[in-house]
Amino acid sequence: MKLNHRPFSDSNISARDFWVEYKYGTNGRPSLESLERDYGTKWRSDVKFKRSDGKSGTSLKATWSYRLPIYAYMEFLIQMKGMSEDEALFTVESIFRSNRSTKANKPNLASCKKDFVRRWGKVDLKKGVLVIQQPLSSSPPFPSPLSPSI
């Protein structure tokens, strides 16, 4: 596997920006979904890329960890809640709007994740498969035909 460019964009602001990068790829780069499917965790190895500040470290692993909830909840809203891609993007964007960082006008992804869990329970993507736990709130449980709860 050889990637010539860092796979994540630092300029993502909207739910659509994050989703397009994950699902379809941007600027001639492969989608993150295809990298994960084809290479597992190997593409996220920090020996493949340097951080955007030029130093070495865990930037790819950390970036993936912060962004994974966006991808997982988008998949959840589409697959389990029956939303269209645009409806799911609108829903995630509304959560982004309520969790914006005033400094860079970007969503605070840690706060967004807490909001996602509060609304829909814990959802994760493991090797491209949704893994769902029951929500913490009193909302009714939802079925998970894709994979068992953990």
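The values are calculated or read from the model by the stated rules, or taken from the named source; none is laboratory data. Small disclaimer: the values here were computed from a predicted structure and weren't measured. In this analysis, Cβ positions are derived from the backbone assuming ideal geometry, glycine residues included, and neighbour counts consider all displayed protein chains.
Condition check ((1) modelled with pLDDT of 85 or more; (2) touching a helix residue (DSSP H, G or I) at 6+ places or on another chain (Cβ under 6 Å); (3) more than 18 Å from Lys23 (Cα to Cα); (4) not aromatic (Phe, Trp, Tyr)) across all residues:
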| site | (1), (2), (3), (4) |
| --- | --- |
| Arg37 | yes, no, no, yes |
| Ser45 | no, no, yes, yes |
| Gly54 | no, no, yes, yes |
| Thr58 | no, no, yes, yes |
| Tyr66 | yes, yes, no, no |
| Pro69 | yes, yes, no, yes |
| Leu77 | yes, yes, no, yes |
Practice problem: State all residues of segment 89-121 that are in a loop (DSSP other than H, G, I, E, B), in contact with a Lys or Arg (Cβ under 9 Å, 6 or more places away or on another chain) and either surrounded by fewer than 15 Cβ atoms within 10 Å (Cβ to Cβ) or modelled with pLDDT of 90 or more (or both); if no residue qualifies, say none. | Solution: Asn99, Asn108
Quiz prompt | Count - residues of segment 122-148 that are at pLDDT below 60 and surrounded by 15 or more Cβ atoms within 10 Å (Cβ to Cβ) | solution = 2
